[in-house]
Amino acid sequence: MVTTAYKYNFPIILTGIFVIFIAVTVMTGWLLHLDAIQSLLPGHISMHFNSAICFILLSVALLLYVKYRNRGGHRLTGVLSLIVFLVGATTFSQKILHSDLGIDYLFFKNHNNPYYPGKMSPLTALCLAIMSISTFGISLNTNKYKTVCQFLFHFVSVVAFIVLIGYLYNVPSLYNLSYYTTMACHTAVALLLLSIAASLINPSLGITGIFTGKRMGNVMARRLFSQIVVAVLIIGYLRILSHRYHWLSADVGIAFLIVSFILVSLFLIWKKANILNKLEVNMEIAQENFRIGVESAPYALILSDETGRITQVNFQTEKLYGYTSEELIGKNIEMLIPKELHKHYRHDSESFFTSPAVVSLGIDDEVYANTKNGAWFPVEIVLTPITTQNGISVLASVTDVTSRKANEAIIKNQVKELQLKNQELEHFNYIASHDLQEPLRTVSNYIMLLEEDYPEQINDEIRMHLSTMNSAVSRMSQLVRSLLDFGRLGKNRKLSLTDCCSIITNVKADLNGLIKQTNAVITIVDDMPVLYAYETEMRQLFQNLINNAIKFTDKDTAPQINIGCKKTKGFYEFYVSDNGIGIDPKHFNDIFHIFQRLNKNEDYEGYGIGLANCRKIAEMHGGEIWVESELGKGSTFKFKILNFKA
Ligand code: ADP
């Protein structure tokens with residue numbers, strides 16, 4: 001980004017080069033004795049050789065300053081300025097002392113013409129001395145002299161401008177002190193350009209500041225000034241012509257001059273006033289729209305300054321706190337904060353203004369507001385720093401979170417209750433499973449005792465009944481154990497980086513006997529991911545699905561099992577498909593419930609707990625499990641789990 005000070009570097013450099021060009025041309029004219037080049041305008045007075053040297057030195061001084069200004073300027077700027085000052089001051093002192101110190105003939109000694117090359121105009125000398133001392137002042141880089149220097153540059157600009165007007169209107173008294181001490185026209189141009197360029201080094205100061213600013217007033221000043229200057233120059237010129245050629249008598253001429261000036265000014269002011277009025281209307285509309293937006297905001301908006309003084313509030317603020325805006329504006333914002341929290345607020349406010357940034361309060365901590373009748377209510381506040389002309393203000397948007405906090409409290413209670421119920425349930429599961437094992441063991445022991453103690457009395461029929469009883473008891477015992485395992489599932493889970501491919505390889509190794517016996521072919525179709533998961537539980541999930549896929553196949557069919565995985569948005573989706581007996585769609589949901597079996601135990605052994613475990617494990621990973629199948633056409637079990645990342 002270009003800062004305002006550096007914005008004008010280019011025109012300053014361009015002016016410096018242009019002035020050097022004029023000066024070098026003039027010096028060439030002197031050296032080659034070419035009058036036309038010295039005076040630039042044929043028949044006009046020449047720029048003095050010393051003036052040309054001074055212009056070069058001054059331009060170089062300015063160019064060096066601009067080039068090295070980010071390093072505080074160049075030392076030569078000061079030195080060159082002082083040299084020019086010496087020349088200017090010495091030349092000017094000749095006029096005051098009525099003496100000739102010979103400085104004008106330092107470079108050109110004339111033998112034929114006593115006036116050759118003439119004397120530098122005292123006015124030029126004065127302007128050069130002022131220009132150079134101001135340039136020196138700038139090179140010191142202290143704010144102290146900047147404004148004074150700026151006005152000295154302006155002084156030179158005004159003098160040069162008056163001289164130029166003299167040339168333009170051909171009024172010699174404006175530039176002619178005595179014939180040989182006249183300021184040349186191109187000297188005036190160089191002085192005007194150089195002084196304006198120098199004033200652009202600190203563009204915000206003095207009159208330059210009025211023309212370089214970005215505000216509406218600056219834009220208007222720029223336009224109005226340029227138009228008035230042009231108008232006045234034209235009117236003035238016409239007045240002089242009318243005088244010179246006796247078109248009008250003096251009084252009529254002056255009257256015309258005044259009337260035309262008033263009319264032109266009126267026209268220009270009327271145009272500018274219209275623009276300003278239009279702008280004001282637009283601004284009022286924008287302000288009104290902004291006010292409506294602020295007023296209709298669904299939360300309280302409070303603007304306060306660094307001292308905590310409230311400067312603006314919206315309708316919601318009045319509604320929330322019970323005060324009218326008149327009661328709030330101008331008061332300290334502490335009136336909206338419970339007294340007990342003032343100390344806390346002062347501390348927060350201090351750190352806010354030390355490093356202003358958007359801050360949210362009341363999300364993780366408890367923040368309260370105070371109504372007019374002294375009641376407290378919980379709030380959430382967003383503090384936004386706003387830079388205004390009077391420093392930093394803070395915009396607080398306040399939301400009443402009473403009902404949300406109440407709901408949160410209800411949810412918190414419910415979660416607590418649920419956790420307690422879960423604990424009770426787990427406890428019950430544990431106790432029940434343990435206690436149920438005991439009578440089962442007793443029944444089993446008594447069957448054993450009966451068989452051992454009464455071998456003669458037990459005939460084959462009784463033995464068969466006892467054996468059926470025994471297997472029912474051990475199945476019951478197994479069911480109770482499965483129930484216990486189901487309750488405990490995931491109790492000691494630990495999230496870790498899990499390689500799914502190695503899990504499946506291990507499961508395959510565990511099921512090796514069954515695989516060989518059934519000639520099952522298990523194929524991993526896709527690349528298996530390495531992901532964060534509960535490894536032990538994931539292994540159990542794959543084992544259950546693969547085991548089922550082998551188990552629920554017709555006896556004379558070799559199981560063909562495919563396993564794959566794809567990454568979806570935020571999840572990993574796995575599948576295990578088989579060419580087994582398939583499942584009727586009406587059972588798609590039931591089979592994931594505990595102890596739900598679709599087949600007789602004689603056909604396919606099992607306890608109906610495997611898929612319930614699978615569902616619990618998938619849910620534990622923030623996912624779900626489902627099946628796609630058709631009777632007799634195989635099944636595809638799919639489950640997805642969250643991509644935990646870390
Ligand atoms: P179990 O395998 O011990 O019977 P599961 O909970 O694992 O218990 O399965 C529940 C029921 O779902 C099974 O009894 C079976 O009827 C059906 N089932 C599970 N997997 C498959 C499969 N791959 N093909 C057909 N039916 C299946």
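Read-outs: derived from the displayed coordinates by stated rules, not from any lab. Please read all numbers here as calculations on a predicted model, not as lab measurements. Because the Cβ atoms are built from the backbone with ideal geometry, glycine has one as well, and the counts that use them run over all protein chains shown.
How big is the charge dipole of the chain about its Cα centre, in debye rounded to the nearest 20, if each Lys and Arg gets +1 on its Cβ and each Asp and Glu gets -1 on its Cβ?
Dipole about the Cα centre, nearest 20: 4260 debye.
How large is ³J(HN,Hα) for each residue in region 83-90, as worked out from phi by the Karplus curve 6.51 cos²θ - 1.76 cosθ + 1.60 (θ = phi - 60°), to whole Hz, x for Gly and Pro?
4, 4, 4, 4, 4, x, 5, 4
Which whole-number percent gives the relative contact order of the chain, counting Cα pairs below 8 Å spaced six or more residues apart?
Relative contact order, the chain: 6 percent.
I need the trypsin sites (Lys or Arg not before Pro) found in region 616-646, filtered to DSSP loop residues with at most 13 other beta carbons within 10 Å of theirs.
Passing both the DSSP loop test and the Cβ count: Lys633, Lys645.
From the backbone phi of region 407-417, what are the Karplus-calculated ³J(HN,Hα) couplings (6.51 cos²θ - 1.76 cosθ + 1.60, θ = phi - 60°) in whole Hz, Gly and Pro given as x?
Here the 3J(HN,Hα) series is 4, 4, 5, 4, 4, 4, 4, 5, 4, 4, 4 Hz.
Over the Cα atoms, compute the radius of gyration (one decimal) and Dmax (the largest Cα-Cα distance, rounded to a whole number) for the chain, in Å.
Values for the chain (Cα only, Rg and Dmax): 49.6, 167 Å.
In nm, give the distance between the simple-model label positions of Asn282 and Ala509, each being 7 Å from the Cα along the Cα-to-Cβ direction.
Rounded to a tenth, the inter-label distance reads 7.9 nm.
Could you grab the relative contact order for region 6-206? Cα pairs under 8 Å, six or more apart, rounded to a whole percent.
RCO, region 6-206: 25 percent.
Counting Lys +1, Arg +1, Asp -1, Glu -1, what net charge surrounds Asn519 among other residues with beta carbon under 15 Å of its beta carbon?
+1
Kindly provide the trypsin sites (Lys or Arg not before Pro) of region 534-587 that DSSP labels as loop, not H, G, I, E or B, and whose Cβ sees at most 16 other Cβ atoms within 10 Å. All intermediate terms of the calculation are to be shown ahead of the outcome.
On the way: sites: Arg539, Lys551, Lys555, Lys566, Lys567, Lys569, Lys586; in loops: Lys555, Lys569.
Sites meeting the loop and neighbour criteria: Lys555, Lys569.
Report the relative contact order of region 232-389, percent, no decimals, based on alpha-carbon pairs under 8 angstrom and at least 6 residues apart.
Once normalised by length, the contact order is 13 percent.
Taking 0.36 nm per residue of separation and subtracting the Cα-Cα distance, what length does fully extending Thr523 through Tyr169 add? Write down the numbers at each step before the final one.
On the way: separation 354, 0.36 × 354 = 127.44 nm, distance 10.36 nm.
Full extension of this stretch gives 117.1 nm more.
Once phi is turned into ³J(HN,Hα) by the Karplus curve 6.51 cos²θ - 1.76 cosθ + 1.60 with θ = phi - 60°, what whole-Hz value does each residue of region 538-544 show in order, with x for glycine and proline?
4, 5, 4, 4, 4, 4, 4
Can you give me the long-range amide H partners of Tyr368? Hydrogens built in the peptide plane at 1.01 Å from N, cutoff under 5 Å, separation of 5 or more residues or another chain.
Distant-sequence amide H within range of Tyr368: Val379.
Which GluC sites (Glu not before Pro) does region 338-422 hold that lie in a coil by DSSP with at most 12 other beta carbons within 10 Å? The partial results should precede the final answer.
Values: sites: Glu340, Glu350, Glu366, Glu380, Glu408, Glu417; in loops: Glu366.
Here the sparse-neighbourhood loop sites are Glu366.
With axes computed from alpha carbons, what is the tilt in degrees of helix 460-488 against the longest principal axis of the chain, rounded to the nearest 10 within 0 to 90?
Between helix and principal axis, roughly 10 degrees.
Give me the one-decimal nm value for the distance between modelled label points at Phe588 and Asn390, 7 Å along each residue's Cα-to-Cβ direction.
Here the modelled spin labels are 6.8 nm apart.
Run the numbers for Ile269 and Ser204: contour at 0.36 nm per residue of separation, minus the present Cα-Cα distance, in nm.
Taking 0.36 nm per residue and subtracting the Cα distance, the gain is 20.9 nm.
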